[in-house]
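Since every read-out is calculated from the coordinates, none of them should be taken as a lab result. Small disclaimer: the values here were computed from a predicted structure and weren't measured. Neighbour counts run over all protein chains shown; Cβ positions are idealised from the backbone, glycine included.
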2 protein chains.
Amino acid sequence: MSAAPSPTAAILVIGNEILSGSTQDANIAYIAKHMSQRGVRVMEVRVVADIPAAIVGALNALRDTYTYVFTTGGIGPTHDDITADCVALAFGAAIDVRDDARAILQAYYDERGVPLNEARLRMARIPDGAKLIDNPVSAAPGFNIGNVFVMAGVPKIMQAMLLHVDTMIEGGAPVLSKTVACNQKEGDVAFELGDIQKKYDGVDIGSYPRDGQKPSLLLILRGTDAPALEAAANDVADLVRKRGEEPAVS
Amino acid sequence: MSAAPSPTAAILVIGNEILSGSTQDANIAYIAKHMSQRGVRVMEVRVVADIPAAIVGALNALRDTYTYVFTTGGIGPTHDDITADCVALAFGAAIDVRDDARAILQAYYDERGVPLNEARLRMARIPDGAKLIDNPVSAAPGFNIGNVFVMAGVPKIMQAMLLHVDTMIEGGAPVLSKTVACNQKEGDVAFELGDIQKKYDGVDIGSYPRDGQKPSLLLILRGTDAPALEAAANDVADLVRKRGEEPAVS
């Protein structure tokens, strides 16, 4: 909907635990909100199983389509942690335990008197040519290769890695938003809301009814052009006023 | 990982609000868990924006690949509710306001003294040949066409629709699970866990560290073959015992 030349992104979540419903994903909303503030538009999310063909296929489709791809999950020490190898495969890059990553792990585990065994060494497998992404929480690094940024699945670690990723990407104009909150029925304002949407090409207007909550309807406008956003929000607020309600605009 | 001939599924979430991070999705985990109990394996999830090409492209890719596709979102009365038209487009089906769907809406709104206006009538747009999915919460139906099941995005409505969807699909052998909870470091058990995984082909063993919680590591085994699952869980529990800890098996 926006005419702004924002960089785009996809999020690729790797993990059977999300697909079985045993874990509720917390990373998608966090990355999406964070990138939105950086002016990077997340256009697609995929969640795939811990299966090489699924990971490689999704990764290649997404990295060809979007400016950036952010992956979460599958970079720990266990047999189901196959993300690094799959990313290497997708890029046709060699992969092995890399000295810089091994040194980071060695220092971290030495300090804690924990052996850097064969399983933990898997976390030092980094594709050739990739840049490491810092992990200030538990040392084992993520990495960046091409336009792909590989992060951990544990939310606390992912969030810490994202701060480093921030320094590696270029953002665009931040996406601004305005919310017109009211208690209108969606069906009563839908038609004229559509007319307002047509009038403001660069503003994305969404309508979100909230079950059992007051205000019961959030009309959320998003875009990078502040004056257009302001004008569209005024039009939406006027539409609500015309129906005899003073909306809360924020 | 499983040799069981389970039906497979994908979930397609349609909605800018998830991609902007302004809404935390609640439907993926719910559908995934529900389908898992029905013996349907959710193999992939995609979240796409309210853009026709994105919706049609994802839908066609997913319906060609999996037994079932469940979509959520985009079937309300507003301009950004374009799912029904996109599904019709993907199937090459005609779409218009359909009498059966209109009658359901008419009865619902008549009872409440609410006008069935042009915007609300959009919710009666159903592709030719589709079967309606009941919406006991707010009347506007979902629909099933081919192997695609189109549901609302509001969790309470989606959950109600899923009960009808249940009668329209065939499940497989329910996916059973065992959890071995312990306080081991993932890296200390990873290597032998991989050996156990190799031994039990039809069981999917996942390792999930939990930041700041006790027990700090959940080893979750899933599969349709109860004796194999039991045997694999015993092996995993023994691995933990060998390290001097009595795990909680559930």
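Values as computed for the structure displayed
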quantity	calculated
Ellipsoid semi-axes in whole angstrom, largest first, where each is sqrt(5λ) of the Cα gyration tensor of the range B:1-148	27, 17, 16
Volume in Å³ per residue [convex hull over Cα atoms, computed for the range B:176-249]	72 Å³
Inter-copy separations for A:Ser216, label at 7 Å along Cα-Cβ, nm, ascending	4.9
Axis-nearest residue in chain A [Cβ, rotation onto B], distance in whole Å	A:Arg46, 3
Rounded, prolate or oblate (a/c below 1.5 giving rounded, otherwise prolate when a/b exceeds b/c) for the range B:161-217 by Cα gyration tensor	oblate
Inverse of mean 1/r across different Cα pairs in the range B:97-238, Kirkwood, Å	19.0 Å
Highest-fluctuation residue, B:Asp110, B:Asp134, B:Asp211 considered, GNM on chain B with Cα pairs under 10 Å	B:Asp211
Where the Cα pairs of chain A fall when distances are cut into 10 Å bins, in %	7, 27, 26, 19, 13, 7, 1
Nearest-ten-degree value, helix B:155-165 long axis tilted from longest Cα axis of chain B	90 degrees
Length released on extending from A:Lys156 to A:Lys131, taking residue separation times 0.36 nm less the Cα-Cα span	6.9 nm
Spatial separation of Cα centroids for the range A:226-246 and the range B:106-122, in angstrom	25 Å
Acute angle (nearest 10 degrees) that the helix B:52-65 long axis makes with the longest principal axis of chain B, alpha-carbon atoms	50 degrees
Across the identical copies, how the B:Arg243 labels are spaced - nm, sorted shortest first, 7 Å along Cα→Cβ	5.7
Per-copy distances of the B:Lys131 label point, shortest first, in nm (7 angstrom along Cα→Cβ)	5.4
Extension gain from A:Lys33 to A:Ser216, taking 0.36 nm per residue of separation minus the Cα-Cα distance	63.6 nm
FRET efficiency, B:Asp99 to A:Ala226 (Cβ-Cβ, R0 56 Å, nearest 0.05)	0.75
For the protein assembly as shown: span of alpha carbons on each principal axis (Å, largest first)	69, 50, 39
